[in-house]
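Written out below as structure tokens is the structure these notes cover.
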Amino acid sequence: MIRFGCVLAVLVLAAASELAWGNLTSSGRVPTASILSDDLVRVLMAVALAGAVVQALVLGRRISGLEVSCGVALCSAGLILRSIAMIQLDGRYRMSPTFQMDRQRMVTSGCYGRIRHPGYLALIMLILGLCLLISGVAASLWVAPVVVSFVMRIALEEGLLTAEFGDPYRDYQASVPWKIVPHVF
């Protein structure tokens, strides 16, 4: 029962941080692909968490202390990294990828100086941690479709950023080659 209390607390904190740091309104036209990307990400994140819950209910497997510890650590680190990334964006974060002609500043320092999309890494850590807390290591498979949706969303965002900033963004891509995980992707 404590485990599910932890899960609920993490979900509330994650939702609160998105509302606190995210600009829910867009200053420009939101491309249809962005809306579809938003929907896909939301659905796959819900499926990952629901899948972990169903798996826990069906299998009834007791998860280990190590799984709980790893889940709590991943959730905590994910929440912290997501908050830092959103603060460093200084108002540029939008729920939907879109052109932001009113905010002509590229963020390339802090965690954005190491990887180009730390917010997505943070969300992957958060979802993986929640799945571990809910149903253990076997539930980590539910995270794979979420990662695929983030890879697709990154391609969309980078297209928008390249169109918005041009050569300076291409230079940034060359100087920070890692999208989500340093030395991996």
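Laid out as a table, the results:
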read-out: Subset of the range 98-139 that is buried (at least 18 other Cβ atoms within 10 Å of the Cβ) and among the polar types (S, T, N, Q) - its residue that is modelled with the highest pLDDT; value: SER135
read-out: Hits in the range 133-173 - residues which are within 30 Å of LEU66 (Cβ to Cβ), touching a Phe, Trp or Tyr at 6+ places or on another chain (Cβ under 9 Å) and small (Gly, Ala, Ser); value: SER135
read-out: Selection from the range 126-185 of residues that are farther than 17 Å from VAL47 by Cα, in contact (Cβ under 8 Å) with a residue 40 or more places away in the chain, in contact with a Lys or Arg (Cβ under 6 Å, 6 or more places away or on another chain) and aliphatic (A, V, I, L, M); value: VAL176
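The values are calculated or read from the model by the stated rules, or taken from the named source; none is laboratory data. All figures in this text were calculated on a predicted structure; none of them were measured in a lab. Backbone-built Cβ (ideal geometry, glycine too); neighbour counts: all protein chains shown.
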